[in-house]
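J.: I have a structure I would like to understand better, so I am pasting it below and will then ask my questions one at a time.
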Amino acid sequence: MSQLPEPPGIADAATPAPDLPPAPATAAAVPPTPPSPTGAPPVTPDAAAPSGSEAVASGTASLSPPPFPSPDAGRRAPSPTRLIVAIALGAALAALGALLLGEYPFTGVMPYISGALFALVVAEVIVSVSRRSSRLTAVAAAVCTAGGLAWGVWISIGEGKAPIPIGGWVAVVVGAAVALIRGGIRAGGRPGPNSQPVA
């Protein structure tokens, strides 16, 4: 009895399928990070890179200007000797001014003008020579100014032979007030603009 041929479908199903090559990997494997020789934990790129806010903050801090020093930080306090010399010069100038003003009568606008100008000159000499502007220089300038003007008034009335006019008192008061302001009654104990800077 002859053998019948098998149907084509049965023959294909019985034949084993050939081996197919494995599909290629879609992403390359990341090699492991070698350990640090110092024993510190490895730093990944994500951890080393600063975030956006940290970068902006560090950039702002680096661009911030340095603080400015105080204007009085680099100034040296004037010596007491300069103050003594300044007061002596102010007193001498006030005495010289008294001899000059004694030749004129203290009437009309003369007391106001002479008192103010007299005080400005005396106070300016004391402040410039002492290189400071403080309550001490203000009081010294006021005392020298008032004394010089009072002496000038006394000379103008014949060295006390006549009564003191109202203009004489006005000159003394105006001069003392101007000398206090120019001498630095409102400056406290700060050094003047001519104080020496620290080397």
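The values are calculated or read from the model by the stated rules, or taken from the named source; none is laboratory data. As the structure is a computational prediction, the values presented were derived from the model and not from experiment. Neighbour counts are summed over all protein chains in view; Cβ atoms, including those assigned to glycine, are modelled from backbone coordinates with ideal geometry. Just so you know, the surface numbers come from the protein's heavy atoms only, side chains and all, with ligands and any DNA or RNA stripped out. Shrake-Rupley method; radii C 1.70, N 1.55, O 1.52, S 1.80 Å.
J.: Residue pairs, Cβ under 7 Å, 6 or more apart or interchain, first in the range 159-174 and free of Cβ contacts under 8 Å to residues at least 40 places away in the same chain and on the phi > 0 side of the Ramachandran plot, second assigned to a helix (DSSP H, G or I) and open to solvent by 40 Å² or more (accessible area, probe 1.4 Å). List them.
T.: Hits for this filter: GLY160/TRP154.
J.: Within the range 176-183, is even one residue closer than 25 Å to PRO105 by Cβ, crowded, with 18+ Cβ neighbours inside 10 Å, modelled with pLDDT of 90 or more and among the small types (Gly, Ala, Ser)?
T.: Checking the range 176-183: at least one residue is closer than 25 Å to PRO105 by Cβ, crowded, with 18+ Cβ neighbours inside 10 Å, modelled with pLDDT of 90 or more and among the small types (Gly, Ala, Ser).
J.: Another question, then. Considering only residues that are aliphatic (A, V, I, L, M) and outside any loop (DSSP other than H, G, I, E, B), look in the range 154-172 and name the one that is most open to solvent (accessible area, probe 1.4 Å).
T.: ILE166
J.: On to the next question. Which of the residues that make up the range 184-197 are open to solvent by less than 40 Å² (accessible area, probe 1.4 Å) and modelled with pLDDT of 75 or more?
T.: Listed by number, the list holds a single entry, GLY184.
Residue-wise test of (1) among the polar types (S, T, N, Q); (2) closer than 13 Å to ALA150 by Cα; (3) crowded, with 17+ Cβ neighbours inside 10 Å; (4) touching a residue at least 24 places away in the same chain (Cβ under 8 Å).
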{"position": "LEU100", "(1), (2), (3), (4)": "no, yes, no, yes"}
{"position": "GLY108", "(1), (2), (3), (4)": "no, no, no, yes"}
{"position": "GLY115", "(1), (2), (3), (4)": "no, yes, yes, yes"}
{"position": "VAL127", "(1), (2), (3), (4)": "no, no, yes, yes"}
{"position": "SER133", "(1), (2), (3), (4)": "yes, no, yes, yes"}
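J.: Could you say whether any residue in the range 86-94 is surrounded by 18 or more Cβ atoms within 10 Å (Cβ to Cβ), in contact with a Leu (Cβ under 9 Å, 6 or more places away or on another chain), closer than 27 Å to ILE157 by Cβ and free of Cβ contacts under 8 Å to residues at least 60 places away in the same chain?
T.: So far as the range 86-94 goes, yes, one or more of its residues are surrounded by 18 or more Cβ atoms within 10 Å (Cβ to Cβ), in contact with a Leu (Cβ under 9 Å, 6 or more places away or on another chain), closer than 27 Å to ILE157 by Cβ and free of Cβ contacts under 8 Å to residues at least 60 places away in the same chain.
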